[in-house]
Amino acid sequence: MKERKIVFWDCEDSERLQHETVDDAVEAYLDARSEIISGTIIAKGFARRVVNVESAQNICDDILEGINEEYGDPDADYMCPTPKMLKAAEKLRDIIAREYVSWACEHVATEEIDIAAWIKENAPHWNEEAGE
């Protein structure tokens, strides 16, 4: 399985992911604190969930169910997908899996961040403001 691109980072298990870099997530986490804390924090990286498109058979069955409801003989069996329908459904399945951009994300990476080192590198003015 290829490595997935991390699209969001978070340090607080937020309800809504919004930080596109680990530094943005760490800064937001630390900025929300009334005093500078020490030690480490955990930043979690999130990638978009992989779209699991159903099989071509299921795609055809779902489409044909709607068509059969409207146009099929109510006293007969539903029309089953033909080989050509299944082939077209395979193409549709592949295109959907390739093109659909999932909104849902899942945790795929974890980084332990040394707070003092992060502040020294990314926000040294915080230490100056704190009188250090």
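The values are calculated or read from the model by the stated rules, or taken from the named source; none is laboratory data. In this text, all values refer to a predicted model and were calculated from it rather than measured experimentally. Glycine gets a Cβ as well: all are built from the backbone with ideal geometry, and neighbour counts include every protein chain shown.
For the structure I just gave you, tell me whether Arg49 is out of contact with any Phe, Trp or Tyr (no Cβ under 7 Å at 6 or more places or on another chain), among the basic types (Lys, Arg) and modelled with pLDDT under 90. No; evaluated as a whole, the condition is false for this residue. You will find that of Cys105, Cys80, the residue that is touching a helix residue (DSSP H, G or I) at 6+ places or on another chain (Cβ under 9 Å) and not charged (D, E, K, R) is Cys80 and no other.
If the requirement is being exposed (fewer than 12 other Cβ atoms within 10 Å of the Cβ) and under 20 Å from Glu3 (Cα atoms), which of these qualifies: Val101, Val22, Val108? Step through it out loud before you land on a result.
Values: Val22 fails: exposed (fewer than 12 other Cβ atoms within 10 Å of the Cβ); Val108 fails: exposed (fewer than 12 other Cβ atoms within 10 Å of the Cβ).
Being exposed (fewer than 12 other Cβ atoms within 10 Å of the Cβ) and under 20 Å from Glu3 (Cα atoms) holds for just one of Val101, Val22, Val108, which is Val101.
Say we look at region 26-41 and pick out the residues that are surrounded by 15 or more Cβ atoms within 10 Å (Cβ to Cβ) and without any contact (Cβ under 8 Å) to a residue 60 or more places away in the chain; which of these is nearest to Ala116 (Cα to Cα)? Selected residue: Tyr29. In region 49-63, of all residues being in contact (Cβ under 8 Å) with a residue 12 or more places away in the chain and of a type in the set (Asp, Glu), the one that is surrounded by the fewest Cβ atoms within 10 Å (Cβ to Cβ) corresponds to Glu54. Entry remark, region 81-130: residues being under 20 Å from Arg49 (Cβ atoms) and not hydrophobic (A, V, I, L, M, F, W, C) number 9 in total. Each residue in region 1-19 was checked for being without any contact (Cβ under 8 Å) to a residue 12 or more places away in the chain, in a loop (DSSP other than H, G, I, E, B) and not charged (D, E, K, R), and 3 of them qualify.
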